[in-house]
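The values are calculated or read from the model by the stated rules, or taken from the named source; none is laboratory data. Bear in mind the structure is a predicted one, so any value in this text is a computation, not a measurement. In this analysis, Cβ positions are derived from the backbone assuming ideal geometry, glycine residues included, and neighbour counts consider all displayed protein chains. Surface accessibility is based on the protein's heavy atoms, side chains included, excluding ligands, DNA and RNA. Shrake-Rupley method; radii C 1.70, N 1.55, O 1.52, S 1.80 Å.
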Amino acid sequence: MTAAIVGIGATDFSKDSGRSELQLAAEAVRAALQDAGLEPSDVDGLVSFTMDTNAEIAVARELGIPELTFFSRVHYGGGAACATVQQAAMAVETGAAKVVVCYRAFNERSGHRFGQVQTAAAVNIDNSWSYPMGLGTPAAMVAMFARRYMHEYGATSEDFGRIAVIDRKHAATNPHAWFHNRPITLDDHQASRWISEPLRLLDCCQETDGGVAIVVTSPERARDLPNKPAHIKAATQGSSVDQFTMTSYYRDDLTRLPEMGVVARGLWEKSGIGPSDVDVAVLYDHFTPFVLVQLEELGFCGRGEAKDFVASGALELDGTLPLNPHGGQLGEAYLHGMNGIAEGVRQVRGTAVNQVAEVNHVLVTAGTGVPTSGLVLADSIESVRP
């Protein structure tokens, strides 16, 4: 794709922001524009999530953006994260807009909490089959999936816990992370209370108040801006057979995330690289079991082999596939994956707190269990390993 991320911005990450979601959005967008060396008057496109309460025209008014020639929204919660950047890149490529900002802002801890039972959601036709059975929260839905995965492949709670330990280890050295200076051990994970067996408290991501924004423009424009651009080498979306708005229980194989397989095939084909070329993986970690399954769907290991891949130390900062150097949603903040995209940009720039050496390609994924999306970010347009 001929587009690049040139600015990233975020609010503080908290459990009670004390301000409106619109203010959070405005703060994040303003910070991203400042990072990019641009003014609100340079922006002519905005992209967000359908679940975001902040209308594009409201954000434009707050920031003094005079005119919009492109605005768009993407469905399916966390699955939308990378797709917002894809939409922005397509707008830039087609000339629909010159500078597009993607944003997501919410009071997800002090306000509307997605992790709790949503009574109104029971009338949704997808949910109407599972809510009456007691599967009324994301944790309960993922727990059903995780139990089957454990049965099929011999995975254990400790295997899930290793993901939480890695994320919290990385968050502990990230001053912007909610869990800064608070690493955990595998024993801590095993001692944490059950949320919905086999998921423990430390298998579940945070609930966060905050906002993140990403600025996308052309590579030509990027050359005149202050920061090293993160070139969007590939961006894809994916949905698969018997897709539901959350975990599907109606597929022949309940231990897979085929929508992530669709994303993976598209990313490798469009980018011209493969799993062995990825230097950093920023994987959507709302629940630890889905990180293991993503590793398999993306081709980093075989089916059922993720537990051994993780135990080998591959996901450490000095491993073959460093995972979530910012701490992920388990350690830094839960912003529907947008903070993961920002971390991908920092890794390409070489400015991350937990910087991985010699980063050419960063893989970023969005929410799993729903129609989803992914990105490959590169340090240059021609960045392909020999």
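No other residue among THR173, THR255 is farther than 30 Å from MET1 by Cα, at pLDDT below 95 and assigned to a loop (DSSP other than H, G, I, E, B) apart from THR255. Within segment 1-19, residues that are under 18 Å from ILE232 (Cα atoms) sit with their Cβ atoms under 6 Å from residues that are open to solvent by 10 Å² or more (accessible area, probe 1.4 Å) and part of a strand (DSSP E or B), at 6+ positions apart or across chains, in these pairs: ALA4/HIS231.
A quick yes/no check of all residues on (1) closer than 30 Å to ALA140 by Cβ; (2) open to solvent by 10 Å² or more (accessible area, probe 1.4 Å); (3) part of a loop (DSSP other than H, G, I, E, B); (4) of a type outside the set (Gly, Ala, Ser):
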site: ALA333; (1), (2), (3), (4): yes, no, yes, no
site: ILE341; (1), (2), (3), (4): yes, no, no, yes
site: VAL348; (1), (2), (3), (4): no, no, no, yes
site: GLN355; (1), (2), (3), (4): no, yes, yes, yes
site: VAL359; (1), (2), (3), (4): no, yes, yes, yes
site: VAL364; (1), (2), (3), (4): yes, no, no, yes
site: GLY367; (1), (2), (3), (4): yes, no, yes, no
site: SER380; (1), (2), (3), (4): no, yes, yes, no
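You will find that of ALA230, ALA234, the residue that is closer than 28 Å to ALA26 by Cβ and among the hydrophobic types (A, V, I, L, M, F, W, C) is ALA230 and no other.
The set of residues from segment 1-25 being surrounded by 24 or more Cβ atoms within 10 Å (Cβ to Cβ) and assigned to a helix (DSSP H, G or I) comprises LEU24, ALA25.
Conditions (1) open to solvent by 10 Å² or more (accessible area, probe 1.4 Å); (2) charged (D, E, K, R); (3) not in a helix (DSSP H, G or I), marked per residue:
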| site | (1), (2), (3) |
| --- | --- |
| MET150 | yes, no, no |
| ARG162 | yes, yes, no |
| ARG168 | yes, yes, no |
| HIS180 | yes, no, yes |
| PRO183 | yes, no, yes |
| ILE214 | no, no, yes |
| LEU225 | yes, no, yes |
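Among the residues making up segment 61-108, those that are outside any helix (DSSP H, G or I) and either touching a Cys at 6+ places or on another chain (Cβ under 7 Å) or of a type in the set (Ser, Thr, Tyr) (or both) are THR69, SER72, TYR76, TYR103. THR208 - would you say it is under 17 Å from the mean Cα position of the chain (by Cα), polar (S, T, N, Q) and open to solvent by less than 10 Å² (accessible area, probe 1.4 Å)? Considered against the rule, which asks whether it is under 17 Å from the mean Cα position of the chain (by Cα), polar (S, T, N, Q) and open to solvent by less than 10 Å² (accessible area, probe 1.4 Å), THR208 comes out as yes. Here segment 91-106 is the region considered, the condition is being open to solvent by 20 Å² or more (accessible area, probe 1.4 Å) and not β-branched (Val, Ile, Thr), and the residue that is farthest from GLU56 (Cα to Cα) is GLU93. Figure legend. Inter-residue proximity from segment 126-150: first residues more than 24 Å from HIS336 (Cβ to Cβ), second residues open to solvent by less than 50 Å² (accessible area, probe 1.4 Å) and modelled with pLDDT of 80 or more, beta-carbon distance below 6 Å, spacing 6+ or different chains. Indicated pairs: ARG147/PRO198; ARG148/THR255.
Just so you know, in segment 242-270 the residues that are in contact with a Lys or Arg (Cβ under 9 Å, 6 or more places away or on another chain) and open to solvent by less than 10 Å² (accessible area, probe 1.4 Å) include one that is nearest to GLN206 (Cα to Cα), and it is THR255. Condition (residue is without any contact (Cβ under 8 Å) to a residue 12 or more places away in the chain, under 23 Å from the mean Cα position of the chain (by Cα), open to solvent by less than 60 Å² (accessible area, probe 1.4 Å) and more than 21 Å from ARG223 (Cβ to Cβ)) applied to segment 73-90: is it met by at least one residue? No, segment 73-90 has no match at all. Any idea which residue in segment 227-239 is most open to solvent (accessible area, probe 1.4 Å), counting only those that are assigned to a loop (DSSP other than H, G, I, E, B) and in contact with an Asp or Glu (Cβ under 8 Å, 6 or more places away or on another chain)? Here the residue is LYS228. Considering only residues in segment 258-278 that are small (Gly, Ala, Ser) and under 18 Å from the mean Cα position of the chain (by Cα), the one that is farthest from CYS82 (Cα to Cα) turns out to be GLY261.
Can you confirm whether segment 120-131 contains a residue that is surrounded by fewer than 17 Cβ atoms within 10 Å (Cβ to Cβ) and in contact with a helix residue (DSSP H, G or I) (Cβ under 6 Å, 6 or more places away or on another chain)? Taking every residue of segment 120-131 in turn, at least one turns out to be surrounded by fewer than 17 Cβ atoms within 10 Å (Cβ to Cβ) and in contact with a helix residue (DSSP H, G or I) (Cβ under 6 Å, 6 or more places away or on another chain). Considering segment 185-205, the residues that are in a strand (DSSP E or B) and not β-branched (Val, Ile, Thr) include one that is most open to solvent (accessible area, probe 1.4 Å), namely TRP194. Among the residues here, GLY111 qualifies as in a loop (DSSP other than H, G, I, E, B), open to solvent by less than 60 Å² (accessible area, probe 1.4 Å) and touching a helix residue (DSSP H, G or I) at 6+ places or on another chain (Cβ under 9 Å).
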